[in-house]
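The values are calculated or read from the model by the stated rules, or taken from the named source; none is laboratory data. Just so we're clear, the structure is a prediction, and the values are computed from it rather than from any experiment. Because the Cβ atoms are built from the backbone with ideal geometry, glycine has one as well, and the counts that use them run over all protein chains shown.
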Amino acid sequence: MKTFNLYCDESCHLENDHKPFMLIGYTCVAYNQLHRHNERIKALKEKHHFFGEIKWSNVSSSQYPFYKELIDYFFDTDLSFRAIIVNKSKVQNDRFQQDFDDFYYKMYYQLLIHKKDTNYTYNVYLDIKDTLSAHKVNRLKEILNTKLGVFRNVQNIRSHESLMMQLADLMLGALSYNLNITDKRMPAKKQLIERIKHHSDQPLERSSNWTEEKMDLFFIELK
């Protein structure tokens with residue numbers, strides 16, 4: 001049975017961070033292709049003398065050639081990406097007798113449960129961000145295991161250990177910057193967003209077509 005790894009990350013996911021949009025998403029890679037992709041990205045890093053961690057916050061003019069080629073690589077391969085985008089002004093926790101933490105898990109559930117093939121299995125990896133990370137993983141595992149039965153593993157890893165997790169950070173960072181930052185003064189970041197738009201051939205400010213597989217964006221309509 002074919003297995004896919006999903007490397008999850010989030011951006012502007014805190015309730016009171018004064019950013020209008022919350023984003024959670026994942027990079028998806030076939031388990032049997034993981035080593036090949038890692039080696040190709042390592043080769044790109046060596047080519048551009050890039051020795052740091054791949055992060056949206058690290059995108060700069062001097063490193064732009066590397067990040068540009070990495071984005072090109074993503075769109076040239078079988079890697080894929082999915083994200084859910086939430087307008088936080090529409091969240092109504094009081095109405096549903098929940099707190100923002102409950103809402104957070106509901107959004108992760110929506111991210112992971114859709115477009116899953118029951119003929120495949122999936123490993124889910126989340127970035128360790130704080131002391132609550134273990135609790136988050138256990139809670140998410142409980143929620144996911146009640147549905148479908150396709151999620152083989154849910155666990156935390158550290159972003160510096162995974163190039164695929166770092167790629168998720170880069171993609172989410174670009175989307176978040178495009179939506180949440182009005183004063184876009186960083187030319188390299190603006191160029192990289194335009195590169196993503198060019199390759200994906202879709203606006204980054206609304207949901208993708210339902211048939212989109214490569215870069216699937218879902219602006220969830222909260223009711």
Selection within the stretch 56-70 - assigned to a loop (DSSP other than H, G, I, E, B) and surrounded by 11 or more Cβ atoms within 10 Å (Cβ to Cβ): V59, S60, S61, Q63
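Looking at the stretch 27-55, which of the residues that are among the hydrophobic types (A, V, I, L, M, F, W, C) and within 17 Å of L79 (Cβ to Cβ) is surrounded by the most Cβ atoms within 10 Å (Cβ to Cβ)?
Taking the stretch 27-55 as the starting set, the residues that turn out to be among the hydrophobic types (A, V, I, L, M, F, W, C) are 28-30, 34, 41, 43-44, 50-51, 54.
From what is left, the residues that are within 17 Å of L79 (Cβ to Cβ) are 28-30, 34, 41, 43-44, 54.
Values: C28: 20, V29: 23, A30: 16, L34: 18, I41: 21, A43: 11, L44: 18, I54: 25.
Among those that are among the hydrophobic types (A, V, I, L, M, F, W, C) and within 17 Å of L79 (Cβ to Cβ), it is I54.
Every residue, every condition in (1) modelled with pLDDT of 90 or more; (2) of a type in the set (S, T, Y), yes or no:
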residue: K106; (1), (2): no, no
residue: V137; (1), (2): no, no
residue: M164; (1), (2): yes, no
residue: S176; (1), (2): yes, yes
residue: S200; (1), (2): yes, yes
Selection from the stretch 180-191 of residues that are within 19 Å of E10 (Cα to Cα) and at pLDDT 95 or above: K189
The stretch 191-219 residues that are in contact (Cβ under 8 Å) with a residue 40 or more places away in the chain, paired with ones that are assigned to a strand (DSSP E or B) and surrounded by fewer than 17 Cβ atoms within 10 Å (Cβ to Cβ) (beta carbon under 9 Å, 6 or more apart): F219/N87
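Regarding the stretch 5-12, can at least one residue be identified that is in a helix (DSSP H, G or I), within 19 Å of S162 (Cα to Cα) and at pLDDT below 95?
Step one: list which residues in the stretch 5-12 are in a helix (DSSP H, G or I), which gives none.
Looking through the stretch 5-12, none of the residues is in a helix (DSSP H, G or I), within 19 Å of S162 (Cα to Cα) and at pLDDT below 95.
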Candidates Y125, Y104, filtered to the one that is closer than 15 Å to R82 by Cβ, of a type outside the set (A, V, I, L, M, F, W, C) and touching a residue at least 60 places away in the same chain (Cβ under 8 Å): Y125
